[in-house]
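Just below is one structure, and these are the notes that go with it.
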């Protein structure tokens, strides 16, 4: 089974035997446009995965959206998915920016959705010491 994170960075389909020149790694027309999910900002609402079902999935361990294919849906369908995002965490980026964005994402410590973040200390209410 292919890891969904790795699948997002495959440039061309394995079914193609001949190159067209439009593949992003060859500098074709697709190079200027790739879809990226800022998983740190994603709230796991699943809207994008419902709209562009061949492009986005919900990552099973973190519960956040991830783009798994760049050619899964039409640009219009992907744009509609972007517009449904309530936190604006899906962006069009240059294909060449994907490896750097992936490195930035890998450097972040993301917790599964629904787990309290260690960056947010638990609120301690003052105890009522007066018994009166």
Quiz item: Points 7 angstrom from Cα along the Cβ direction at residue 41 and residue 53: gap in nanometres?
Solution: 2.8 nm
Practice problem: Just rank 109, 83, 39, fewest to most, by other beta-carbon atoms within 10 angstrom. | Solution: 109, 83, 39
Practice problem: Order by neighbour count: 58, 82, 43, fewest other Cβ atoms within 10 Å first, most last. | Solution: 43, 58, 82
Quiz item: In which sequence would 37, 51, 93 go, from the one with the fewest C-beta neighbours within 10 Å to the one with the most?
Solution: 93, 51, 37
Practice problem: Mind giving me the FRET efficiency for residue 108 and residue 33? R0 is 41 Å, r the Cβ-Cβ distance, nearest 0.05 is fine. | Solution: 0.95
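Read-outs throughout are calculated quantities, based only on the coordinates presented, and are distinct from any laboratory measurement. From a predicted model like this one, the values you see are computed outputs, not experimental measurements. Please note: Cβ atoms are built from the backbone with ideal geometry, for glycine as well, and neighbour counts cover all protein chains shown.
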